[in-house]
1. Under the definition of Cα pairs under 8 Å and six or more residues apart, what whole-number percent is the relative contact order of the chain?
2. Quick check for you: which residues of the range 32-69 have the amide N under 14 Å from the point 7 Å beyond the Cα of I17 toward its beta carbon?
3. If r is the Cβ-Cβ distance from C38 to V58 and R0 is 22 Å, what FRET efficiency results, to the nearest 0.05?
4. Summing Lys, Arg as +1 and Asp, Glu as -1, what charge do residues with Cβ under 12 Å from the Cβ of H46 carry, H46 excluded?
5. Just add up the charged neighbours of A11: K/R +1, D/E -1, any other residue whose Cβ is under 13 Å from the Cβ of A11.
6. Between V30 and K50, 0.36 nm times their residue separation minus their Cα-Cα distance comes to what?
7. Provide the FRET efficiency to the nearest 0.05 for the A10-R66 pair, computing r from the beta carbons and using R0 = 22 Å.
8. Give me a comma-separated list of calculated 3J(HN,Hα) values for the range 10-22, in order, Karplus coefficients 6.51, -1.76, 1.60 applied at θ = phi - 60°, integers in Hz, x for any Gly or Pro.
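No value in this document is a laboratory result; all are computed from the given coordinates. Predicted model only: the values in this text are computed from it and were never measured. Quick reminder, even Gly has a Cβ in these numbers, built from the backbone with ideal geometry, and neighbours come from all protein chains shown.
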Amino acid sequence: MHADILDEAAAREQQMIEVALANRPVPKMVYTGECHWCEEPIAFGHYCDKDCRHDHEVFLWAESQRRIA
Ligand SMILES: [Zn+2]
């Protein structure tokens, strides 16, 4: 019974971390020379265009939602 309470607290803390990560405006990413979504070579930034940025953000959000659920 005591262990159940600890597990629940740990699960709740983990969920709070997941929510916090999901709500960050932009994940911390390094410049790789490629679009993070379609892997096109790019001169700067993280994406070749705003559509790739949007698609990747939606993907990351969907991933975070799936982990919480
Ligand atoms: Zn791209």
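1. Working: 47 pairs, mean separation 17.4, N = 69.
Value for the chain: 25 percent.
2. 68
3. FRET efficiency, C38 to V58: 0.95.
4. Around H46, the charge tally is -2.
5. On the way: positive: R12, R67; negative: D4, D7, E8, E13, E18.
Surrounding charge for A11 is -3.
6. 5.5 nm
7. Using R0 = 22 Å, I get an efficiency of 0.65.
8. Along the range 10-22, the couplings run 5, 5, 5, 5, 4, 5, 4, 5, 4, 5, 4, 5, 5 Hz.
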